[in-house]
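Right, one structure below, let's go through it.
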Amino acid sequence: MKLLIIEDEPVLRDSILEYLERQGYICESANDFKQGLEKVREFDYDCIVADITLPLGNGLDIVKELKSLESHAGIIIISAKDALEDKLKGLELGADDYLTKPFHLSELNARINAILRRKNFDGNTIIRFNEITVIPASQTVLVNNNSISLTGKEYQLLLYFIANQRRVVTKSALASHLWGDEYDSAGSYDFIYTHIKNLRKKMLEANGEDYINTVYGTGYRFG
């Protein structure tokens, strides 16, 4: 899943990015209001973590912009102030959650997971699609009750397909979602083909169905 962290404190921002990337997320960052606004206007994210107090603007205005764009991203507001007024205003504007600094990174991760489950998988802690079972808490994937070993990218690819089952997903959307800003410099989609080929092979080896259907000239449909 693709996250955006909007935070101006370099140490905190880097520690959040490092921790969440270890959890398997694709993370991008912005260090001020202007940069954050540009990113939310240009890219789609599954969840956005935004500080309220930012250089050049206010994180609550990021929330307003997301709502005006009709974004489906989850939104977590963070702030050094435990002010009830800020918390209520953020939630009223459409934020999903609020964290007061300092906080444990594991708590932030748990809240992101809860938002993503609620938005993408109806709040389920176990995700099922026919013979496929995914347990996000441990990043376990079972096919016909047998565990299969997936790389981080293959796991995120499978989750993205299940969350968008039976929809046509373009190659550029896949690349942007799974690789973030890095995909612009790739020059081709060969890396997507490789990961899809490997995911398909592992599913078939576990006697699963091949749900990844190519939509020629566009992308893929899962299911």
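Values in this text are rule-based calculations from the coordinates and carry no lab data. All of these numbers come straight from a predicted model, not from anything done at the bench. No Cβ is skipped: glycine too gets one built from the backbone with ideal geometry, and neighbour counts run over all protein chains shown.
Some values worked out for this structure:
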item	result
Ratio Rg/Rh, restricted to region 130-223 and using Cα atoms, in which Rh is the Kirkwood radius	0.95
Extension gain, Ala173 back to Arg118 (0.36 nm per residue minus Cα-Cα distance, nm)	17.6 nm
Among Ala80, Leu66, Ala163 - extreme Cα towards positive end, dipole of the chain, charges at beta-carbon	Ala163
Assigned charges on the beta-carbon of Lys, Arg, Asp, Glu; region 64-223 dipole about Cα centre (debye)	260 debye
The chain: relative contact order in percent, alpha carbon pairs under 8 Å with at least 6 residues between	16 percent
Those lysines that a straight Cα-Cα span of less than 16 Å connects to Lys67, excepting residues fewer than 8 apart in one chain	Lys39, Lys89, Lys119
Residue among Phe121, Thr140, Ala173 farthest towards the positive dipole end of region 115-179, charges placed on Cβ	Ala173
Lysines with Cα under 17 Å of Lys197, excluding same-chain neighbours fewer than 8 positions away	Lys153, Lys171
Distance histogram for region 1-130 (every C-alpha pair counted, 5 angstrom bins, percent rounded to whole numbers)	2, 11, 23, 25, 22, 12, 4, 2, 1, 0
Amide N of region 135-158 lying under 20 Å from the label point, which is placed 7 angstrom from the Cα of Glu205 along Cα→Cβ	135, 139-158
Centre separation in Å (Cα based) which lies between region 91-150 and region 52-84	22 Å
Rule-of-thumb Rg ratio for the chain [Cα; 2.2 N^0.38 Å; N residues]	1.05
